[in-house]
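Here's the structure we're looking at; comments come further down.
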Amino acid sequence: MLPAALGADAVLLVLGVVAGVTSRIRPRWLPIYPLCAIIGAFAAALALAALLNGGVETMVLPLGVPWIGAHFRIDPLAALFLAIVNLGGCAASVYAIGYGRHETSPGRVLPFYPAFLAGMSLVIIAGDAFTFLVSWEFMSLMSWALVMAHHKDRGNAFAGYVYLVMASFGSLALLLAFGLLAGPQGHYDFDTMRSVAAQHPLAGLILILALIGAGSKAGLVPLHVWLPLAHPAAPSHVSALMSGVMTKVAVYAFIRIAFDLVGAPQWWWSVPVLTAGAVTAVIGLLYAVLQEDLKRLLAYSTVENLGVIFMGLGLALAFKANHMPQAAALAMTAALLHAVNHATFKSLLFFGAGSVLFATGERNLEALGGLIRRMPATSFAFLAGAAAISALPPLNGFVSEWLMFQAVLVSPDLPQWVLKFLVPASGAMLALAAALAAACFVRAFGIAFLGRPRSPAAETAVEVDRFQTGTMLVLAFVCLLGGILPGFVIDALGGPVQFAAGGQHLPMQASQPWLTLVPISADRSSYNGLIVFVFIAFSALISAVAIRTFASRAVRRAPAWDCGYPDGRPVTQYTASSFAQPLRRVFGSVVFQARETVEMPGPGELGPARFSVTVRDLVWERLYAPVAWAVGRVADRLNPLQFLTIRQYLSLVFAALVVLLVVVSLWR
Amino acid sequence: MALIFDSLVQGLQMILVLALAPLLTGLVRKVKARLLRRQGPSLIQPYRDLLRLIRKEAVVAENASWLFRAAPYAIFAATWVAAALVPTFASGLLFSWSADVIAIVALLGSARFFLTLAGMDVGTSFGGIGSSREVMIASLAEPAMLMVVFTLSLLAHSTQLSTISQLISFSEVGLRVSLAMALIALILVALAENARIPVDNPATHLELTMVHEAMVLEYSGRHLAMIEIGASLKLVLYLSLIGALFLPLGMAAPGAGPAAYLVGLGAYLAKLALGGVLLGMFEISIAKMRVFRVPEFLGAALMLGFLATLLLFVSRGL
């Protein structure tokens, strides 16, 4: 199993190198995307087999640091995430067969794409800290290169720069976490680390570092700033991979450290995780609701979903620390299921945004509209994705949200007072996030796909090709399937949940009567997506039949009524920003200090009235801007050091050497 | 045999809520009219309206898409399924295990999702304003509703509606502060969700005040009929929910004899009538509030629900 997975990654790397070498001459001679799709499907099949088998496989290759070697390892947890990565990669590759055809600079995308896929897989099958960190950095760099593919577009260079800084910061945190875990003896491979670190004195610090390191990749507030810049800047299939899949690699890294390597958790570990998750969920969506760029909106929604996942992980930590294995299994299942679901619908939505961009050249909601008539398949798939991400039954997003609520509802049994306040508060945040998600996606779909076209590009859009629509429709079907038959997915998650959450997993769901979802016991809670779906379909059908039989069938097409004053100009429609105005006033006036000012001309003046809105990004202003300012200031001060004479440099080097030696001698 | 009987009860309940929905709307209108010293339309006027609507041809805007024509069915189906899963005259319905109360809230969310999208489909300013305000209201009403659900589920150790209502009717819960707060929050949410005064006015077509009516402005004929009956069903659902959770008097227990079912039916009708009369009286006695006062109104509901939940969390360990 493991050699085959490694082989697949090696082939991907070779593909990347070959594409890189030939990119100057003939970038398209090698069918990169079809090959990536085949390899992805193969590796996904392997990972699924490993997930269902549930064994552990390890391997050591004589690469990397000589006395350590490169360890690789597949266990149920790694198998699950390997499956997510490769299924997501496969879907993105099939989509890209169509989408990539019109790429203006294929030489900047094709070499890095397979390497990025390989990097993500390698992080997951890494079995020692060294391999893990090298693969992590490789994945970050490759995705950075893809973000910079269109580096001449406005804002992309800045996005790449912020991404690079934040990725380095996150890697530094992970490096320190692994350094602490490895200890002075340098136990770099995970198996020894696990056996040594059972009672690590600095375990809490390791957890915080892991939260910072993985959280910066996952986009937890306030480490999220790079994500909404970088994810939309990449080509859309890569955006889908970064949002849908790479963030899951970050989730994997956190689970690997917090639930596996550091040993038994303390209860207070759940406090920062739960808080970060809950705050991220709400703040992410409040940002998303106000965005006018479709892809940036999706990126902020990724921030929200990762917040939900981390909330589930925080709950699982609390339960695990308090020796409530059943509840821990429930919370862990909710988090992992949400990770799987998010990978499907966020990929779908980014594909949809990509197709819109492909067909109209626009990402700005204010220039779209009416696409449901021009692009029926894309809009249908996007609608399904929007409903799924808004946690509407009977689709898959609702199932994980429901499990998350069930996990919150078993938590009054937690003994700690802090958690007794924190858990209901985060439950309320989760409820708020669920409602805001629906608002956000009604706005996104309604403005982009419904109404009348707001620009000539939207008016003349044509449906994209079959590879793109096919991928999207398949993913939409997966969203429905995951919603009506969630039991099978949850059963497949049993292995990883048992591995991470402390020895238990949820009872087998597929054996429940009528395939009902029963997380704890039937009189406590149950949900059956299949029955709900059949019920809805049935009642819609009989009402439609009844209407056909008894009602008038006549339909007259007429101009819109609009209270008697229809106006043919598309600018009279509601815009994206006017749609968001009530939400901006309700939530944004506090969180973003949103202010609206109206300048009315005085009586008799002929000037126009002006309406302006200011929205401030407080995280950026209060946290990042001061740091950036300080760094710039220090750099300015140190700038003269670049213009010294050779004698001055030599004396500086000598002084530094003396100081270091003194420090070392004092230290001993 | 028991299965047949159970499915009969379940089917009866589905038909019952559908049949009663327009009557309840008529009752509320009648009460309001009588309190204003008007004669008011007869109780069965909503049935006549629906009948007239489905007989008329549907006028559809020229640029309306398939979503516009499909949405009424989706809205109606989701609301009907949600209404069918709320215990009315008997608890322990055949399919009550297939969706708990969180799923019922989410089903209503699905209906609203399609309604708000339908409002934006034609691309008129009124549709947009209605949808935009509706999502603002929902973004506060839905979490408030979920907090109420949390409160009740924590008391009953279950999110199944049947279990919760059985617990409240058959065992000693006693008077609890949390329950009172949850009841107030639920009533506030119900007013907002059903577009009643003071949040919205179901009788207005004044451009700047309407929310629900603005979304359905472009609808006519059979499509409008589906939406109207969906809205009536939602009112029945919320009254049944309040009845089942806070006033489960006379509700037939699972497996009770036909006599108990008859008693339950009578009690249910009485509860609905009481709810309708109280709603009418409340609507007469209060003025509609400005749109941007609504967040404060619903924020109060959210806070009440949250406090009720928090109290239960904190009191569990004592």
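Each value in this text was obtained by applying a stated rule to the coordinates, not by laboratory testing. Nothing here was measured: the structure is a model prediction, and the numbers come from that model. Reconstructed Cβ throughout: ideal geometry from the backbone, glycine too, with neighbour counts over all protein chains shown.
Against chain B, whose longest principal axis is taken from its Cα atoms, helix B:177-193 shows a tilt of about 20°. Close amide H pairs (under 5 Å, H built 1.01 Å from N) link A:LEU414 with no residue at least 5 positions away or on another chain. Computed about its Cα centre, the charge dipole of chain A is approximately 1080 debye, with only Lys, Arg, Asp and Glu carrying charge at their Cβ. Take every pair of alpha-carbon atoms less than 8 Å apart whose residues are at least six positions apart; their mean separation over the length of chain A yields a relative contact order of 12 percent.
Averaged over peptide A:155-167, the number of partner chain Cβ atoms lying within 10 Å of each residue's Cβ comes to 0. Charge tally around A:PHE138: other residues with Cβ under 14 Å, Lys/Arg +1 each, Asp/Glu -1 each, net -1. From helices alone, chain A scores -21000 deg cm²/dmol at 222 nm; the rule is -39500 (n - 2.57) for each run of n ≥ 4 DSSP H residues, then divide by the residue total.
Once both labels are positioned 7 Å from their Cα atoms along Cα-to-Cβ, the gap between A:TRP667 and A:LEU652 label points is 2.3 nm. Taking label points 7 Å from Cα along the Cα-to-Cβ direction, A:VAL631 and A:LEU52 give a separation of 4.8 nm. Compare B:VAL17, B:VAL59, B:VAL216 in a GNM of chain B, Cα atoms joined below 10 Å, and give the one with the largest fluctuation. Answer for the Gaussian network model of chain B: B:VAL59. Which stretch or stretches of the range B:133-171 have amide N atoms under 14 Å from the point lying 7 Å from B:SER315's Cα along the Cα→Cβ direction? Within reach of a label on B:SER315, which here means backbone N under 14 Å from a point 7 Å along Cα→Cβ, the range B:133-171 contributes B:151-157. The angle between the Cα long axis of helix B:101-121 and the main principal axis of chain B comes to about 0°, on a 0 to 90 degree scale.
Relative contact order, whole percent, for the range B:2-316 stands at 30, derived from Cα pairs under 8 Å and 6 or more residues apart.
Put in order of Cβ neighbour count within 10 Å, fewest first, the listed residues A:THR645, A:THR131, B:THR151 become A:THR645, A:THR131, B:THR151. What the Cβ-Cβ distance of A:TRP417 and A:SER105 gives, at R0 = 56 Å and to the nearest 0.05, is a FRET efficiency of 0.45.
Relative to the longest principal axis of the Cα atoms of chain B, the long axis of helix B:258-284 makes an angle of roughly 50 degrees. When B:ILE44, B:ILE168, A:ILE84 are arranged by Cβ crowding within 10 Å, least crowded first, meaning fewest neighbours, the order is B:ILE44, B:ILE168, A:ILE84. Here each label is just a point 7 Å from Cα along the line to Cβ, and for B:GLN45 and A:ASP465 those points are 6.1 nm apart.
Ranking A:GLY604, B:VAL277, A:GLN266 by Cα position along the charge dipole of the protein assembly as shown, where only Lys, Arg, Asp and Glu carry charges on their C-beta atoms, puts A:GLY604 farthest toward the positive end. Annotation: amide H-H contacts under 5 Å for B:ALA252 (H modelled 1.01 Å from N, sequence separation of 5 or more, or interchain): B:ALA90, B:SER91, B:GLY264.
Hydrophobic long helices, here whole DSSP H runs in chain A with Kyte-Doolittle means of at least 1.6 and Cα atoms spread over 15 Å or more along the helix axis, are found at A:2-22, A:32-53, A:76-99, A:112-125, A:156-182, A:203-218, A:270-290, A:417-449, A:529-550, A:646-667. Counting, for every residue in B:290-296, the Cβ atoms of other protein chains within 10 Å of its Cβ and taking the mean gives 2. Taking amide H atoms as placed 1.01 Å from N in the peptide plane, the amide H of A:ASP128 lies under 5 Å from those of A:HIS71, A:PHE190, each 5 or more residues away in sequence or on another chain.
Comparing B:VAL211, B:VAL236, B:VAL105 in a Gaussian network model of chain B, where Cα atoms under 10 Å apart are tied by springs, the biggest mean-square fluctuation is seen for B:VAL105.
Cut-off 10 angstrom, C-alpha nodes, Gaussian network model of chain B. Which of B:LEU16, B:LEU152, B:LEU27 fluctuates the most? Maximum fluctuation in the GNM of chain B, among the listed residues, is at B:LEU16. Ordering A:ILE206, A:ILE520 by the number of other Cβ atoms within 10 Å of each residue's own Cβ, fewest first, gives A:ILE520, A:ILE206.
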